[in-house]
1. Based on what the data block shows, is Gly112 surrounded by 14 or more Cβ atoms within 10 Å (Cβ to Cβ) and modelled with pLDDT of 95 or more?
2. Restricting attention to the stretch 85-107, does a residue exist that is on the phi > 0 side of the Ramachandran plot and outside any helix (DSSP H, G or I)?
3. Against the conditions (1) under 19 Å from the mean Cα position of the chain (by Cα); (2) in contact (Cβ under 8 Å) with a residue 12 or more places away in the chain; (3) outside any loop (DSSP other than H, G, I, E, B), where does Arg178 fall short? Just the number, please.
4. Name the residues in the stretch 38-55 that are over 16 Å from the mean Cα position of the chain (by Cα) and touching a residue at least 60 places away in the same chain (Cβ under 8 Å), would you?
5. What is the one condition in (1) more than 15 Å from the chain's Cα centre (by Cα); (2) exposed (fewer than 14 other Cβ atoms within 10 Å of the Cβ) that Leu93 does not satisfy?
6. Consider the stretch 81-90. How many of its residues are surrounded by 11 or more Cβ atoms within 10 Å (Cβ to Cβ) and more than 16 Å from Ile33 (Cβ to Cβ)?
7. Cβ contacts < 6 Å: first residue among the β-branched types (Val, Ile, Thr), restricted to the stretch 13-37; second residue at pLDDT 80 or above and part of a helix (DSSP H, G or I), any location; separation 6+ or different chain. Result?
8. Conditions first: (1) surrounded by 16 or more Cβ atoms within 10 Å (Cβ to Cβ); (2) farther than 13 Å from Trp69 by Cβ. Arg162 passes all but one, so which condition is the exception?
Amino acid sequence: MGRFWVTLPLSDDDDRTKRERLEGHPRAGIAVIACHEGYPGHHLQLTVAADNSSLARRAVRSNLMVEGWGLYVEELMTDVGYLDQPDTRLLRLKDLLWRAARCVVDVGLSTGEMTFDEAVTYMVERPKLEPPNAIAEVRRYTLTPMQPSSYALGRQAILDLRDRARAKGWGMRLFHDRILGAGSLPPKLLARDVGLDG
C-alpha cells in the first residue's frame, strides 16, 4: 500500500486559486500517477537500476530513461487494460499533451524565445493547466532546463527501441527485462548495450 502526498493550496490563496490548485489533482489521475511513480514506473525502474552489479550503472541516472520509462508505462498500462476507464484515458491523453507542451516551453525558455509569462500562457492555453499550476510548472522549468523535456523525449526513445526489439522478434518481457537490467542509461547507450543500436 502506498500513499500520495498532494500539496494543499496555500492558506493565504484566494478561493479561486485554491479551487484551481485542487482541480489540478483529479481523482481520475490517481491510477495514472500510481503507475508512473510506483509500479511498474519509477519504483520498479529505479529499484532494478540500484541493484545493478555495476557501480557505474548504479551511479548513472539519465532523466531520459527515468522519466521516459515513467511516461512509457502509462501507455503500457493503458494498452493492457489497466487504465481503461474513460475518464482516466482522457486524463492520460491530456497529460500526454502536457508533456509535449513541456518540450515547447522548455526549449523556448532555454533559448530565450519565450518569456516566463508567455510560457505560463502557453501552458494554460494548450494543455489547459490551471493558472496556479502553470505558474508552478514554468517556475520549475526555469530551475531545471531540459529535464521537463525528458518525459516525452525519453518515452519516444523507448518506443523506438521497442519497435526495434519487435522487429528482432523479441517479446515484451525480454525487451523490458533487457532495458531495465541495463540501468538508467541514456537511450543511445542503452540501445548499444542491449543490442538494439542498428
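The values are calculated or read from the model by the stated rules, or taken from the named source; none is laboratory data. Since the structure is predicted, the reported quantities are computational estimates derived from the model, not experimental observations. With ideal geometry, Cβ positions are generated from the backbone for all residues, glycine too; neighbour counts draw on all protein chains shown.
1. Considered against the rule, which asks whether it is surrounded by 14 or more Cβ atoms within 10 Å (Cβ to Cβ) and modelled with pLDDT of 95 or more, Gly112 comes out as no.
2. Among the residues of the stretch 85-107, not one is on the phi > 0 side of the Ramachandran plot and outside any helix (DSSP H, G or I), which makes the answer no.
3. For Arg178, the failing item is (1).
4. Scanning the stretch 38-55 gives Val48, Ala49, Asn52, Ser54.
5. (1)
6. Residues that pass the stated criteria total 1.
7. Thr17/Pro132; Val32/Glu74; Val32/Arg92
8. Unmet condition: (2).
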